[in-house]
Amino acid sequence: MLKASAKFAIPQKGRRPQKAVNIIRPQASDFLENKEGELRVTWLGHSSIILQIDGSTFLFDPVWSERVSFLKRIGPKRFHEPPLPLTELPKIDAVVISHDHYDHFDHDTILFLANHTEVNFILPLGVGAHFDRWGINNSRYQEFDWWESVKVNSITLTVTPARHSSGRNGKTDKTLWASWSLKGPQRSAFFGGDSAMHDDFEEIGERCGPFDLTMIECGAYNDAWSFFHMGPEQSVEAHIQLSGQTYLPIHWGTFDLALHVWTEPIERVIVAAEEKKIDYITPKIGQTTRLPCSDENQQWWPNDIQWSDAEHTPITSPNLKS
Ligand SMILES: [Zn+2]
Ligand SMILES: [Zn+2]
């Protein structure tokens, strides 16, 4: 009983930042000189990413809205402004979506991109139905099942498995959830979307890797929903199983979607990454990192918030083979 109440203890403080989050506003020059051989990543907070790889530019799970909810005035609210206005995005070759949850698939952002740019959208199976409902021409999107591939310029994007769920407006699991593997002539990357720990990371690494960069969720976890989301230690383990070179922890720092304090995911990631001796980066929100990166990681988040470690609140996903 004691153990159960400790496990579900909800921190009263620290689930949102007390002070303004120190973000960086990307400059147009950050996105220039993208050519074959280049790999640059700009984390925009949570799971929104600008990835420049071998001369192409992709925007993953773009969310600019103030709240991630079906209501405009209720629901998890941003800790910080989006680092740059949608009008200042570089030219994007494709927008890539992992699944249709509100914190990854944002109606207002999608509508802006559809109406004010020429960009096309690459989606997991079924997500296009939202585009149809929102009045976006179906020539603007393509849908794919797990292990199907599409080529954009010189980059092959493959839909890879994830262990999660989907749905909005009360409908659940009618559309596919996915991760994405990207392979160009010289560089490669993996975008994890949302996922619990699962048994397919090694296979993804074998079929689509090794990856110069992995972007894997590390926040919004709880042992009670460990079949939907992974913990920070599992995120590091997934990077290793994928045969990743540099690891970027995502899905933290922007919204309060779980019960842990807001800095706990990155603190636990660092402990696990140091222990496993992997190469990882902790950029500021809005900061562009060119890979490989030899800069020292900086701690830009407060270090005076008490967090719970893996020993006290372990995340263990059920039904794993190994
Ligand atoms: Zn999700
Ligand atoms: Zn999510």
Exercise. For region 145-178, which residues satisfy the criterion of being closer than 23 Å to Asp106 by Cα and in contact with a Pro (Cβ under 7 Å, 6 or more places away or on another chain)?
Worked result: Trp146, Val159, Thr175, Leu176, Trp177, Ala178
Exercise. Do we have Pro82 as within 16 Å of ligand 2 (Cβ to nearest atom) and either polar (S, T, N, Q) or under 17 Å from the mean Cα position of the chain (by Cα) (or both) here?
Worked result: no
Seminar exercise, completed: Within region 91-116, residues being away from ligand 1 (no atom under 16 Å from the Cβ), buried (at least 16 other Cβ atoms within 10 Å of the Cβ) and in a loop (DSSP other than H, G, I, E, B) number 2
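Every residue, every condition in (1) among the small types (Gly, Ala, Ser); (2) surrounded by fewer than 24 Cβ atoms within 10 Å (Cβ to Cβ); (3) not in a strand (DSSP E or B), yes or no:
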| position | (1), (2), (3) |
| --- | --- |
| Gly219 | yes, no, yes |
| Glu233 | no, yes, yes |
| Tyr247 | no, no, no |
| Val261 | no, yes, yes |
| Ser294 | yes, yes, yes |
Exercise. Is it the case that region 161-175 has a residue that's part of a strand (DSSP E or B) and touching a residue at least 60 places away in the same chain (Cβ under 8 Å)?
Worked result: no
For this session: Being more than 16 Å from ligand 2 (Cβ to nearest atom), polar (S, T, N, Q) and assigned to a loop (DSSP other than H, G, I, E, B) is the filter here, so list the residues in region 180-205 that pass it.
Result: Gln186
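Matching residues to (1) at pLDDT 95 or above; (2) hydroxyl-bearing (Ser, Thr, Tyr); (3) under 20 Å from the mean Cα position of the chain (by Cα):
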| residue | (1), (2), (3) |
| --- | --- |
| Trp64 | yes, no, yes |
| Val68 | no, no, yes |
| Leu71 | no, no, no |
| Ser98 | yes, yes, yes |
| Leu125 | yes, no, yes |
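The values are calculated or read from the model by the stated rules, or taken from the named source; none is laboratory data. In this text the structure is predicted, and so the values were computed from the model without any measurement. Methodologically, a virtual Cβ is constructed for each residue, glycine included, from the backbone with ideal geometry; neighbour enumeration extends over all protein chains shown.
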